[in-house]
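Please read the structure below before turning to the comments.
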Amino acid sequence: MAPIDFLQSLLKINRAGAILIMTGLGVVAAGAVAVSWMGGGQNVITLAIYILGFGLIATVLTFVVSNPLTKAVLGWMFVVVFGLILFCAFDSVLQMTGRTPSPPCWRTILEEPPTVCKARFESGQHGNSFSVSSNAPDPSHTPALPTPQDTDTTGATVPDEPVIVGGPASAPPLVHLQFTPPVTRTTSRAIAADLAENGWDIAGGAQGGEEVARGPSMTQIRYYSPDYAENARWLARDLSARLDGADVLVNDFSQAGLIARPNLLEIWLAPQTD
């Protein structure tokens with residue numbers, strides 16, 4: 001029995017509908033595999049396995065179950081379950097609802113509760129995470145800081161460029177700022193202004209960044225690509241200096257499986273930030 005025939009028989013639909021569904025599954029599976037090859041994303045590989053596993057189970061049931069009604073009921077049950085799994089897999093990556101664990105915690109959901117996994121990421125108990133203070137040793141790469149009030153050939157003032165660190169970082173980092181009450185927008189705005197004076201490109205810095213209802217218990221810098229670990233270290237030093245030498249966690253989110261720009265750095269101001 002051809003795949004199109006088994007899907008048509010399983011779901012009790014016409015051949016055109018079976019072809020459409022099979023094509024859609026094939027495109028999603030092929031796309032997931034292709035993206036995993038290009039980006040090495042284990043979460044995408046997991047998604048492809050879900051799709052291929054669903055097809056294998058449906059095929060076996062087609063040959064095992066002989067009763068048409070039972071076959072149809074089981075077929076639709078698997079379609080619904082697979083649809084939920086597929087939605088959760090995409091939501092895990094895109095965080096559309098914010099209720100699904102991120103890909104690493106989604107993959108290990110049978111090994112540990114998602115809350116435990118999430119706590120590990122938020123506290124920096126994974127990857128290349130480390131604490132930095134303003135009196136820490138100099139990072140291994142020297143940043144190319146902008147020259148204040150540069151002018152072009154016409155004499156017009158050229159805006160300062162963001163900090164970019166030598167080494168593997170290929171583009172200037174873009175910094176997002178989040179803060180959790182009781183930190184006030186006035187405080188976050190002042191911190192953003194001080195960092196901008198040091199050359200950092202703070203998105204929405206004039207507004208003081210974004211207020212979030214819940215954040216980590218320790219002030220931290222999150223980076224999403226190993227190439228920007230040194231940038232994150234320098235940013236943590238500048239932030240620590242602004243916070244009177246308080247320790248700042250540089251948190252490695254490069255293995256979190258979230259979709260983010262490689263040059264994104266996130267500042268999370270903990271509730272106790274002054």
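A few comments on the model shown:
- Counted residues, the range 226-257 - those being closer than 18 Å to Q178 by Cβ and either open to solvent by less than 60 Å² (accessible area, probe 1.4 Å) or polar (S, T, N, Q) (or both): 17
- Sole exception among (1) at negative phi; (2) modelled with pLDDT of 90 or more; (3) surrounded by 18 or more Cβ atoms within 10 Å (Cβ to Cβ) for G205, by number: (2)
- Among residues of the range 174-197 that are basic (K, R), those with a beta-carbon under 6 Å from a residue that is surrounded by 16 or more Cβ atoms within 10 Å (Cβ to Cβ) at least six positions away or on a different chain give the pairs R185/G208; R189/G208.
- Count of the range 165-180 residues which are at pLDDT 90 or above, open to solvent by less than 10 Å² (accessible area, probe 1.4 Å) and outside any loop (DSSP other than H, G, I, E, B): 3
- Of all residues in the range 181-197, exactly one satisfies the criterion of being crowded, with 20+ Cβ neighbours inside 10 Å and part of a loop (DSSP other than H, G, I, E, B), namely V183.
- Check on P101, touching a Pro at 6+ places or on another chain (Cβ under 7 Å), over 27 Å from D247 (Cα atoms), in a loop (DSSP other than H, G, I, E, B) and at pLDDT below 70: yes
The values are calculated or read from the model by the stated rules, or taken from the named source; none is laboratory data. Bear in mind the structure is a predicted one, so any value in this text is a computation, not a measurement. Methodologically, a virtual Cβ is constructed for each residue, glycine included, from the backbone with ideal geometry; neighbour enumeration extends over all protein chains shown. The protein model used for the area step is the full one, side chains on, heavy atoms only, and it has no ligands, DNA or RNA in it. Shrake-Rupley method; radii C 1.70, N 1.55, O 1.52, S 1.80 Å.
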